[in-house]
Structures are given as structure tokens and as C-alpha cells.
Amino acid sequence: MHSAAEESFDLRVQKLKKWLSANGARFSKVKINRYASEGRDLQTSCKIDKSEEAIFIPRKCIIAISDGKNCRVGRAIRKETTGWISNHTYLAVHILSQRSLGTKSFFYPWLQVLPEDYESQGMPQYWDKTQRKELLHTKTLGKSDGVLENIREMWEKIKGVSVVKSCEWSLEDFKWARFTVLTRTFGCTEHGKAETMMVPLADMANHDFNRPTRWDYNNKKGGFTVRVVRTVRANEKLTDTYGNKGNDSFLPVYGFCVENNNWNQARFSLPLKNLNGIKVPNLKRLHVSKCAYDYNDGKHKYIDASCDTQASGSSRGGKELFSYARAIVLTDSELKAVSTILEKKHSLGPVSVINEIRVLKLLEEKATEALKRFSTTYEEDLEILADEKRTPKYGWYRNAVLARSGEKSTFIYYQKLAQTMIPLLMSEGIMKAKAHPLYRELQKHSKKENFGYYASRYFEQVVQPIVSGLRN
């Protein structure tokens, strides 16, 4: 026997499916499952064979950034505001415009199954002081506040627009719309141009790193397609991936954390200037990827990094971290040797054995300082997580501990990396480095573990070349 709320949701789902089917969507082997007051996901109703199309959503049922910019509110915003307005803002005002139309909106059946609020979705932007305290000194909390700050900043820019004022929307309305956009967009290419789309039904797929699906916008078919890359049995979850991200990104953007996540980042606080008092060219813009989170507050430079020291970008950052650290520990003679590289590139690779040792010592020091700021240790967090009565799965407290322990594990990785690699860097030649007990210990680590995999890559791509080259 379903409760009234469950019957209401079931009815809304039926209306959504009817609307989609009437407009040319195809999803005969997919069903919507509800498992909590605001939780929902996709499952298969029968077996779907490898390479088979599971979902097709026609363009007319999709809302894209271009639609937001060209709707009545979007046009007014472009006309009456100055400066940068985020693309997500245009999507948000379009969603709000459609919601304001009520049953007159073409998208009404879809809007009716969207989450009613995001506090119940676990978003930390709605947490109280006691809850926020559990994330003290984390990148997660900083990113959460950054998301909310951006929403408020955009609201301040558009709230005075004539059409927006006439709609009588509030900041809370705009927050709802922005979180709706934030948690359910797809980056696609439409007719050769990059586009961000909101796609009904497909937006209900939950995250899984090992997803069975792949999706894209198919110009020939005129719609969004989801196909499976392996056979999926009946009643299995039909998942997508939200990207190779750490819990420091999942929690503030989607409101959940992943158990045993190997993509966690930590935020390193580094000096703004070279430690030897040397003026380094292009130091302020010394990074690899524009999307890597990288800023300074006038006192420190903050760089977010995962355990992958050779990759860059918003979910990696290790390359940015090492590039900047190498520059701020340069000596005068080292700077002369790499000055041409710094003038031409936005990154700095390994400079010398001695420089790399200074880098590792600096990162170990900063990691240790960061770990000391937390009120609990990494080991204590693991004990807390082991007690599922105290931290039930999917609850806010467990998510907080998963996020902060993930960041701690990344700091610990950099401590261990320094303690392992410095003695190897000090070896007289690569043969002696590989004969060192620490190298043999490194080989024992599983390549499936963060330390075993990424530390081995660091040795192969950094330590081995500079030690072999005997660059001091």
C-alpha cells in the first residue's frame, strides 16, 4: 500500500513518461525507482544488450543554455546587465520561467518530478553551524561556500532586471533553480558547438564510476541518446558517471559522497613568493589548466591537488601543485637555467634533484601543517566510519566524515611520497635508487592503491629521469 506522497510521485512519473512518449522519446526498457523522500534513480525493466540504445530524448524536450539566453528573461538579462553572467544563470531563469507558467508550460510534467528542495538532498549549503563544524578546515567547505557565493553574486546582478522583478522571484527561488541546474546538466556538442543541456529522465541516473552507459547528443537523430556499453540485466541500476571527482567535489555540488573514493583532493596553502627572494617570471599564472582551482587571498596561494602528480585540471591538480612548488623553491642559478621555459610555458617540470627534494620537503611540511588543523585524526575518522550506527550511510554526518577523511588521505599521501622519494633522489645513480629498500617496498604496494599506483608513476616520470641524468 503506497502512501499519498508515494502515490503522488508515482502519478507524476506516469505523466512524465506519457509526456515524453507523446513527444517522441524512447525508453521502453527503463523504469524510474524511488527509494527515499527525494531520492530516485533509473533501473532496467528488462535486459538491455550491449550497444543497444536505452534512452532517446528529442531536442524539443531538452532545455539548453542557448534556450535560456534566447528566452524572454534571458534576452532581458543580456540587454540590461553588464559584466559576466554564468551560463548556469541563463538555464536557471529559463527553468524558473517555465515553473512560473504552471500547467501552461510545455515542460510541466518534467518540472513536477524535480526535487522540491535541496536541503533534503543533503547539500551542505543548507547545513547549520553544528554540521558545518564537521567540515572545518576542508576544501569541501570552501567549495560549498564558493558555490553559494556565486549563486548570490549572480542573483545580485540579475534581480534588478525589469523582467526578473516582474516575475517576483526570490533568492530562494533562484537558489532552487541553480541547484537544479548544477546537479543535472550534460555537456554536449550540438551541430558542432559546445552546449550544456538539461535532459529529462536521463537526469535521474545516479553516479557510478563503473557506469554501463555512454551518452551524447545525436544531431542526425535530433536528440539525446543513452546507450549501454555492456549487457545490463533486468532490474539493474542504469547509472552514469558525474566525473572522476573526489568527495570534496561530490558533496558541495551533488550532496553525496562515494565510499572508498580514490579521486579525493586536498587544498595546499603555499607562499605567494619565491622562498629565496627571487623574482620568478609569470609566477602568478604558473599553472597548466585554466579549470584547476587555483587562487590566492593576498596571503597564500591555494592549489587543490589529487594524488596524481602528473595530471592537471579541476579534478586532478597535482601537476599544477608541483609546477608552482618548483618555482617557489628555485635558487638564482636554477632560475637562470629554466628562465626560457618559464617565459614560454605555464608549467614547470622537474628542474634538478636538489630542487625536487626541496619541493617534496615543502609539500610534506604543508601537508603536516594542514593535518594538525583538524580536530580528529585520519585514523579516528576511519573508526567513526566503521560504526554505521553512528554514521548511517547517506546521512549528512557520514558524508562529512567521508569528505574530510578523503582530504586527509591525500595529505598523508604527500607526506609518504616525500618520505619515500627523497632518499631515492639522493641515491648515486638509478641502479642504487632501485636497489634501495624504499624502492623495493614501493614495488610491494598494489597498483590498485593510490600510493602504489601514483607513487610508482612519480618515480618513473620524475625521479628516474633526473637521477639517471645526474642533474644536481
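The values are calculated or read from the model by the stated rules, or taken from the named source; none is laboratory data. Just so it is clear, the model here is predicted, and its values are computed rather than measured. All Cβ positions, even for glycine, are placed from backbone atoms using ideal geometry, and neighbour counts span all protein chains on display. Please note that ligands, DNA and RNA were not included when accessible areas were found on the heavy atoms of the full protein model with its side chains. Shrake-Rupley method; radii C 1.70, N 1.55, O 1.52, S 1.80 Å.
Residues checked against (1) open to solvent by 40 Å² or more (accessible area, probe 1.4 Å); (2) assigned to a helix (DSSP H, G or I); (3) within 22 Å of Lys129 (Cβ to Cβ):
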| residue | (1), (2), (3) |
| --- | --- |
| Lys372 | yes, yes, no |
| Leu382 | yes, yes, no |
| Thr391 | no, no, yes |
| Phe411 | no, yes, no |
| Gln415 | no, yes, no |
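Can you tell me which residues in segment 444-457 are surrounded by 12 or more Cβ atoms within 10 Å (Cβ to Cβ) and of a type in the set (Gly, Ala, Ser)? Result: Gly452, Ala455, Ser456. Residues in segment 102-148 that are in a loop (DSSP other than H, G, I, E, B), more than 30 Å from Leu201 (Cβ to Cβ) and of a type in the set (D, E, K, R): Asp128, Glu134. Of the residues making up segment 327-349, not one is within 29 Å of the chain's Cα centre (by Cα), modelled with pLDDT of 90 or more and open to solvent by 50 Å² or more (accessible area, probe 1.4 Å).
Listed here are the residues, each with its yes/no results for (1) open to solvent by less than 20 Å² (accessible area, probe 1.4 Å); (2) touching an Asp or Glu at 6+ places or on another chain (Cβ under 8 Å); (3) within 21 Å of Arg40 (Cβ to Cβ).
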site: Leu201; (1), (2), (3): yes, no, yes
site: Thr213; (1), (2), (3): yes, yes, yes
site: Gly222; (1), (2), (3): no, no, no
site: Tyr242; (1), (2), (3): no, no, yes
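For segment 248-278, a residue qualifies if it is crowded, with 18+ Cβ neighbours inside 10 Å and among the acidic types (Asp, Glu), and exactly one does: Asp248.
Annotation: of all residues in segment 149-161 being in a helix (DSSP H, G or I) and open to solvent by 30 Å² or more (accessible area, probe 1.4 Å), the one that is nearest to Asp173 (Cα to Cα) is Arg152. Those strands (runs of 3 or more DSSP E) of segment 188-258 in which 3 or more residues are farther than 28 Å from Gln125 by Cα and touching a Phe, Trp or Tyr at 6+ places or on another chain (Cβ under 8 Å) occupy 213-218, 223-228. On inspection, Leu101 fails the criterion of being open to solvent by less than 70 Å² (accessible area, probe 1.4 Å) and out of contact with any Cys (no Cβ under 6 Å at 6 or more places or on another chain). Just one residue in the set Lys175, Lys133, Lys139 is out of contact with any Pro (no Cβ under 7 Å at 6 or more places or on another chain) and without any contact (Cβ under 8 Å) to a residue 24 or more places away in the chain; that residue is Lys133.
From the list Glu460, Glu441, Glu428, which residue is more than 21 Å from Gly318 (Cα to Cα), part of a helix (DSSP H, G or I) and either open to solvent by 20 Å² or more (accessible area, probe 1.4 Å) or acidic (Asp, Glu) (or both)? Full working, then the answer.
Values: Glu460 fails: more than 21 Å from Gly318 (Cα to Cα); Glu428 fails: part of a helix (DSSP H, G or I).
None of the others qualify; the one that does is Glu441.
Applying the criterion of being under 18 Å from Val280 (Cβ atoms) and part of a helix (DSSP H, G or I) to the residues of segment 350-370, the residue that is most open to solvent (accessible area, probe 1.4 Å) is Ile354. Looking across segment 283-296 at every residue that is over 20 Å from Ser249 (Cα atoms) and either at pLDDT 75 or above or outside any loop (DSSP other than H, G, I, E, B) (or both), the one that is farthest from the chain's Cα centre (by Cα) is identified as Leu283.
Restricting attention to segment 46-92, the residues that are without any contact (Cβ under 8 Å) to a residue 24 or more places away in the chain and either in a helix (DSSP H, G or I) or open to solvent by less than 10 Å² (accessible area, probe 1.4 Å) (or both) total 6.
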